[in-house]
Amino acid sequence: MKHYYKPSGKFSILSILYFLILSVTAFPILGVIYAYCIRYIPFVYINFLIAAGFGFGLGLLINIVVINKGKNRNPGVSAVLGTLGGAVALYVHWAVWVQLVIADGTPDAGMGQLFTLVTDPGMLGEWIAKINEVGTWGIRNNAVHGTFLSVIWGIEALIVIGISTLISFPRAKQPFCEQDGVWFEETVLPTLNYIGDAPKMVAELEKGTVTAFDEISLAATEEKDHSVITVYASKRGDCYVTVLNKKAKITDKGKIEHTDEAVVSYIRLNQSLKEQLLKFQSHTTTS
């Protein structure tokens, strides 16, 4: 019996259709919003945070619509779609941003100019090069342009596309019932005690030892060290589990933060171990 779940690698035409629909609807809209934010929010130093938010929004949208609803069980294809989605939205952003820069200097530049920029990558590249020569903002009264500006733009692109890719494909790794054509039902158990001897528990789970969860109990609080266990169950009785330790620490400002420590991901449970965990289900919210 396999100890860990392995995605089948299958994906449906529906997922590609969803991606194409988003490519002509949601991605351009997000690209336009991003372009306006970058152009008109005067705080240049938060641009990278805006870029991260843009990439996160794109990746989340792809994860929910393309991967989840499209039933894409191929992490590689999902990552490629996440990358392409980020690239499409970023391209629209560049076209709109360049149009905004042109419009600031040439008020009569209209939608025809924008259409040309979107449909003619060569012209868009030429305008980006022209803008790069002079820049549009500065630091301490010095215009940022040339190689330095190109590096900043490159970092921005890596942030957007990188985050979009990383956020888009995790769903494809989650358990999916090929016979029924549906994702396993996902249940996050209530806050449990911290797993002190994680290697031992994993070894027992791999052997199917009935005592693997004997030391698991409800945690008194989420503020201290604790664990989060997610159960994935199918109607056919198959079950997998992911265990995450969360280590608490107090920051310099006196706030409590948690560091995630992965214990095990998508390991198969036998019926006895499944029943032991699901006794906590009455305290949970099922997604």
(request) For N72, work out the one condition from (1) part of a helix (DSSP H, G or I); (2) over 12 Å from I159 (Cβ atoms); (3) touching a residue at least 40 places away in the same chain (Cβ under 8 Å) it doesn't fulfil. (result) (1)
(message) Out of everything in the stretch 257-287 that is modelled with pLDDT under 90 and within 26 Å of the chain's Cα centre (by Cα), what residue ends up being nearest to P199 (Cα to Cα)?
(response) T284
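Please indicate, with yes or no, whether at least one residue in the stretch 71-82 is over 14 Å from the mean Cα position of the chain (by Cα), more than 21 Å from G135 (Cα to Cα) and polar (S, T, N, Q).
Just the residues of the stretch 71-82 that are over 14 Å from the mean Cα position of the chain (by Cα), to begin with: 71-74, 76-77.
Adding the requirement that they be more than 21 Å from G135 (Cα to Cα) leaves 71-74, 76-77.
Restricting the remaining residues to those that are polar (S, T, N, Q) gives 72, 74.
Yes: one or more hits.
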(message) Condition first: part of a helix (DSSP H, G or I) and without any contact (Cβ under 8 Å) to a residue 60 or more places away in the chain. Now tell me which residues in the stretch 1-15 satisfy that.
(response) I13, L14
(message) Looking at G181, G162, G146, G135 in this structure, which one is in the same structural domain as K69 (by TED's automatic domain parsing) and exposed (fewer than 13 other Cβ atoms within 10 Å of the Cβ)?
(response) G146
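Per-residue answers, yes or no, for (1) in a helix (DSSP H, G or I); (2) not charged (D, E, K, R):
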{"residue": "F115", "(1), (2)": "yes, yes"}
{"residue": "I128", "(1), (2)": "yes, yes"}
{"residue": "L149", "(1), (2)": "yes, yes"}
{"residue": "T165", "(1), (2)": "yes, yes"}
{"residue": "R171", "(1), (2)": "yes, no"}
{"residue": "D180", "(1), (2)": "no, no"}
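Among the residues of the stretch 165-178, what is the count of those that are under 8 Å from the mean Cα position of the chain (by Cα), surrounded by 22 or more Cβ atoms within 10 Å (Cβ to Cβ) and of a type outside the set (S, T, Y)? Walk me through it before giving the result.
So in the stretch 165-178, the residues under 8 Å from the mean Cα position of the chain (by Cα) come out as 165-170.
Checking which are surrounded by 22 or more Cβ atoms within 10 Å (Cβ to Cβ) leaves us with 165, 168-169.
Now restrict to residues that are of a type outside the set (S, T, Y): 169.
Going through the stretch 165-178 one residue at a time, the tally reaches 1.
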(message) Restricting to the stretch 204-245, give me the number of residues that are part of a strand (DSSP E or B), closer than 30 Å to V182 by Cα and either not assigned by TED's automatic domain parsing to the domain that holds Q271 or not aliphatic (A, V, I, L, M) (or both).
(response) 7
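The values are calculated or read from the model by the stated rules, or taken from the named source; none is laboratory data. None of the values given here were measured: they were computed from a predicted structure. Positions of Cβ are generated from backbone atoms using ideal geometry, with glycine treated the same way; all protein chains shown enter the neighbour counts.
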